[in-house]
Amino acid sequence: MSVDLLLKDLKAYVDGRIIECCIAIDNGRIFKIGKEPIMPRAASYTSLRGLLVLPGMIDVHVHLRDEGKAYKEDFYSGTAAAATGGITTVLDMPNNNPVTMSVETLKNRISVAAGKILTNVGFYSEFPKTLDEIEAVIREGCVAFKLFLGDQVGGLDINDDEAVAEAFRRIGGKVPVSVHAEDNETLEKSIKKLKEMNRNDIEAFLIAHSEEAEIKAVQRVIKISKLTGVHVHFCHISSSEALELIAEAKRAGLPVTCEATPHHMFLSVEALLQMGSIALTLPPLRGKSHMDAVWLGVLSGLVDVVASDHAPHTVEEKRAGSVWNVKAGIPGLETTLPLLLTQVNKGFMAIADVVRLMAENPARIFRLKDRGHVRKGYRADLVAVDLSKECRVDASGFNSKAKYSPFDGWEIKGKPMKTFVNGYLVMDEGEIVGNPGCGEIIRGTTL
Ligand code: DOR
Ligand code: ZN
Ligand code: ZN
């Protein structure tokens, strides 16, 4: 018996332990993990020269754009950025042009993506115009629904709790709902007032996108989750009070999870005021006490997932004259894992935390079958990292079309060196070596 590929001279994170071993890969899956003498022969051999192999990272919050927004990012550039960052699966957000919110738009998006992707991609859908279409969208393969409460994006009236509850009921237990928690009415009232006062500066933006707007939305959605039993995943939580509400909901046994972004973990509002609109994102960067609370949540297990919220825009869009016209968002696919590995090197986090937050929990919460672990029979989605590699973030060299970053110039220690997707080497020492189309479309697994 001969397998497709044997990875040797490596360490791997397997079921909570780091072991010296080889990994045999056949037909896109992990065939065997073990010491060299007991491994099968292979058609090809790769020595990883002591690198540490982790499960491929899963980024559950990515805006890949393409279609009408391909000038910001497309499926190839976005998944090339993911592979460079050690990420083997991304979940794509639906606020596209056209918005992913129906069987037709989802079907079309999947067919545009199929030939271009280097990593695996699953798709969110916004809620469709009619509740009757929800089931068909799930059947078409959306991995989760997205509920954007800050602004009207999908077909559901976001200010009508009864309508939201009914939509949740229609989902049943089939897929989770990821929520951007900013309360639209709170935002609109405040923005209107500030515009009347001719305010268009970053401080005004911060007043509008207050912690209260986040807290109110979290409260609303927790109530709806309690009524309907639907799994709610809160995106990019940024304030200590919102985290407390989520902790309370978890203690009460509600099916609630949440995520933190690297920008809310590593940057405070001071960085925003210093760097200006390039670091503008939603929800915005907050004060140090909120940042500390996010970190505490990440390390204690209250925060289930770290996700990049990779949200690329052009530099011109980031530099609009009025803050109300600036496109919010930060590219993060190429910096998220290196930033976390740097924390591991500093002794602030363990490798086990990184794997839990960016592989195991994402796979469990979004029901990504056979991914998230280095385990026999699982998909051969792997990242080999060099924990001792030191470098500086250089946004001008990103594969993303968004070649800027609030982390530009930061010192990093710990770097993804090789990324394997379904057994194929896609990224090798910073170079993309995979062919477009070698990533897989992931469909929800519940039907
Ligand atoms: O900063 C953000 N950018 N927050 C969002 O919710 C949307 C995102 C985007 O699509 O650019
Ligand atoms: Zn969001
Ligand atoms: Zn987002």
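The values are calculated or read from the model by the stated rules, or taken from the named source; none is laboratory data. Values in this document were obtained by computation on a predicted structure and should not be read as measured data. In this analysis, Cβ positions are derived from the backbone assuming ideal geometry, glycine residues included, and neighbour counts consider all displayed protein chains. Heavy atoms of the whole protein, side chains included, go into the accessibility calculation; ligands, DNA and RNA do not. Shrake-Rupley method; radii C 1.70, N 1.55, O 1.52, S 1.80 Å.
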Candidates LYS413, LYS418, filtered to the one that is among the basic types (Lys, Arg), over 17 Å from TYR76 (Cα atoms) and out of contact with any Lys or Arg (no Cβ under 9 Å at 6 or more places or on another chain): LYS418
Would you call LEU118 open to solvent by less than 30 Å² (accessible area, probe 1.4 Å) and over 19 Å from PRO176 (Cα atoms)? yes
Quick check on my filter: what residues within the range 309-331 are more than 22 Å from GLY68 (Cβ to Cβ) and open to solvent by less than 30 Å² (accessible area, probe 1.4 Å)? SER322, VAL323
Against the condition small (Gly, Ala, Ser), away from ligand 3 (no atom under 15 Å from the Cβ) and at pLDDT 95 or above, how does SER111 come out, does it pass? yes
Go through the range 299-320 and give me each residue that's farther than 20 Å from ALA363 by Cβ, assigned to a loop (DSSP other than H, G, I, E, B) and either touching a residue at least 60 places away in the same chain (Cβ under 8 Å) or within 15 Å of ligand 3 (Cβ to nearest atom) (or both). ALA311, PRO312, HIS313, THR314
By residue number, the members of the range 390-419 that are hydroxyl-bearing (Ser, Thr, Tyr) and in a loop (DSSP other than H, G, I, E, B) are SER400, TYR404, SER405
Is it fair to say VAL374 is touching a Gly at 6+ places or on another chain (Cβ under 6 Å) and of a type in the set (Val, Ile, Thr)? no
Are any residues in the range 140-168 touching a Gly at 6+ places or on another chain (Cβ under 9 Å) and either within 16 Å of ligand 2 (Cβ to nearest atom) or open to solvent by 50 Å² or more (accessible area, probe 1.4 Å) (or both), and if so, which ones? ALA144, PHE145, LYS146, LEU147, PHE148, ILE158
Pull up the range 21-68, narrow it to residues that are within 16 Å of ligand 1 (Cβ to nearest atom) and on the phi > 0 side of the Ramachandran plot, then point me to the one that is surrounded by the fewest Cβ atoms within 10 Å (Cβ to Cβ). GLU67
Those residues of the range 319-335 that are more than 16 Å from ligand 2 (Cβ to nearest atom) and of a type outside the set (Ser, Thr, Tyr) come to a total of 7
